[in-house]
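Participant: Pasting a structure here, questions to come.
Computed from the coordinates by the stated procedures, all read-outs in this text should not be read as laboratory data. The structure presented is a predicted model; accordingly, all values stated were derived computationally and were not measured. Neighbour counts are summed over all protein chains in view; Cβ atoms, including those assigned to glycine, are modelled from backbone coordinates with ideal geometry.
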Amino acid sequence: MTPGAPFIVRKDDHLFIDQWRAKRIAEHVGTPCFVYSKAALEHAWHQYADALAGTPHLICYAVKANSNLAILNLFARLGAGFDIVSGGELARVLAAGGKADRVVFSGVGKTEGEMRAALYAGIKCFNIESPSELERLDRVAGEMGKVAPISVRVNPDVDAKTHAHISTGKKENKFGIGYDMAPDVYRRARDLANIRITGIDAHIGSQVLDVEPLYACMRRLLDLVDRLASEGIHLHHISNGGGLGVQYRQGETSPDIPAYVTRLMAMLDGRKLELLLEPGRSLVGNAGVLLSTVEVLKIAGEKRFCVVDAAMNDLARPAIYGAWHDIVNAGPDTAPVRDWDVVGPVCESTDKLGEGRPLGISEGDMVAILSAGAYGMTMSSNYNTRPRAVEVLIDGDDAHIIRKREVIADLFKDELIPGQG
């Protein structure tokens, strides 16, 4: 089954995103281009929202996964909160129609300027990641005449069993406050005049396919909730973070979201806590594809290289993590199927989108790199002075450009040569 099915499927020898043939989209906007299915985004949202119905909750979409304004606006209209990690992401959420009082602010290095912007906007809470940050936030809030709502992001020292580069919940990771240190931080927060304690938070990693570590994390958080309550520190919400994975290749199984959510609710066991979740990839990952044109087919010894017009600057995950994305013909096979290394034109040997992929392709054909809805455009760059891709949202019979393709001249318009201009 194609990752993203039933919204992204092959039929009649063509790849379809909802009712649109992929090649037809590319004919209108060119390649490389990111294409997202609105129906797939809404379906993923309802996997969480429907399971949580009747329970006090807030689904805070992790903006870093895909921060296009149209996608943020879609989730805002569905009732989402937002998990942000920078002042820029806060600005995006507000520009997209998101409500500040549904925003949680994570991140290990929040600046005073970012704190001021978030306090001025009136966010739901800051997820505190160090004692130093707590003291700084108290001072900044006092200078503004405000009280800062906080949750402590606890590092529970739980192994998410995911790639080391996206693990965030072990004691050697930079994120959060150590489990044993957390009670002291709460006690200190209770004594600060410009701080209001609201909750507890953890996030142990991304692309988690085995949910047992997430349950272990929740158990550790609930133990802290009870210990704090015994000292008169009563919390209003609890967040087990996000991190649920998606299917990137055949044979992978993504977690059962309703079953996961239902078990988290049962673990609350009568505690009067609002349940926050911070999904990112699981909402958008399988809802998008990256379309790319085959420019050159090249044989070098025993290697076959399929050089496409997308590259590591468009989709960085394979170069950074060795991440897998299924790659398929967007149209019918035009040649015998052979194993190809699908690579981009960027001047780096790590510019590989996939190695040893069976494809029946010719120059001028189009390939689709699947499951590209998360950490595609948000991690893209202009390396080699390459304009970033166009983004398209498919909504039933309509196809909307939601980000224009960059123009080369715009890439250096803000640069200055001393003595000129």
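Participant: Calculate the length of the line joining the C-alpha centroid of region 267-291 to that of region 365-407, in whole Å.
Facilitator: Taking the Cα centre of each part, region 267-291 and region 365-407 sit 23 Å apart.
Participant: Return the sequence-ordered ³J(HN,Hα) values of region 386-392 in whole Hz as given by the Karplus equation 6.51 cos²θ - 1.76 cosθ + 1.60 applied to θ = phi - 60°, using x for Gly and Pro.
Facilitator: 9, x, 6, 6, 6, 10, 10
Participant: Normalise the Debye intensity by I(0) for region 79-146, one equal point scatterer per Cα, no solvent, then take log10 at q = 0.14 Å⁻¹ and round to two decimals.
Facilitator: The Cα Debye sum returns log10 ratios of -0.36.
Participant: What are the principal axis extents of the Cα atoms in region 106-279, in Å, biggest first?
Facilitator: 55, 34, 29
Participant: If you don't mind, another one. For the chain, return all DSSP H helices satisfying: extent of Cα atoms along own axis at least 24 Å; mean Kyte-Doolittle hydropathy at least -1.0.
Facilitator: Passing helices, by number: 212-230.
Participant: Sticking with this one: Scan around residue 310 for amide H atoms under 5 Å from its own, H built in the peptide plane at 1.01 Å from N, and keep only partners 5 or more places away or cross-chain.
Facilitator: Long-range HN contacts for residue 310: 293.
Participant: Please compute the net charge surrounding residue 145, taking Lys and Arg as +1 and Asp and Glu as -1 over other residues with Cβ under 15 Å from its Cβ.
Facilitator: Net charge in that neighbourhood comes out at +2.
Participant: What fraction of the DSSP beta bridges in the chain is antiparallel, stated in percent and rounded to the nearest 5?
Facilitator: The antiparallel proportion sits near 50 percent.
Participant: Under 5 Å between amide H atoms, partner at least 5 residues away or on a different chain: which partners does residue 177 have, H built in plane at 1.01 Å?
Facilitator: 153, 154, 155
Participant: Still on this structure: What does the helix-only formula give at 222 nm for the chain: each DSSP H stretch with n ≥ 4 adding -39500 (n - 2.57), the total divided by the residues, and the result rounded to the nearest 500 deg cm²/dmol?
Facilitator: The helix-only estimate for the chain comes to -8500 deg cm²/dmol at 222 nm.
Participant: Please name whichever of 253, 39, 29 sits farthest to the positive end of the charge dipole of the chain, dipole taken about the Cα centre and charges placed at Cβ: Lys and Arg +1, Asp and Glu -1.
Facilitator: 39
Participant: Mind ordering 181-191, 249-259, 90-100 by average Cβ neighbours within 10 Å, highest first?
Facilitator: Per-residue Cβ counts within 10 Å, averaged per peptide and sorted highest first, yield 90-100, 181-191, 249-259.
Participant: If you don't mind, another one. Length gain on complete extension for the stretch residue 180 to residue 408, per 0.36 nm per residue less the alpha carbon to alpha carbon distance?
Facilitator: Additional length available on full extension: 76.9 nm.
Participant: Still on this structure, I have one more. Could you give the distance between the Cα centres of region 1-59 and region 210-256, to the whole Å?
Facilitator: Cα centres, region 1-59 to region 210-256: 27 Å.
Participant: Around residue 127, which amide H atoms from residues at least 5 apart in sequence, or from another chain, sit under 5 Å from its own amide H, with H modelled in the peptide plane?
Facilitator: 105, 106, 151
Participant: Let me ask something else about it. Determine, at each q value in 0.06 (inverse angstroms), the log₁₀ of I(q)/I(0) that the Debye formula gives when each Cα of the chain is one equal point scatterer.
Facilitator: Log10 of I(q)/I(0), two decimals: -0.27.
Participant: What Kirkwood hydrodynamic radius do you get for region 279-414 when you take the inverse of the mean 1/r over all pairs of distinct Cα atoms, in Å?
Facilitator: This gives a value of 15.6 Å.
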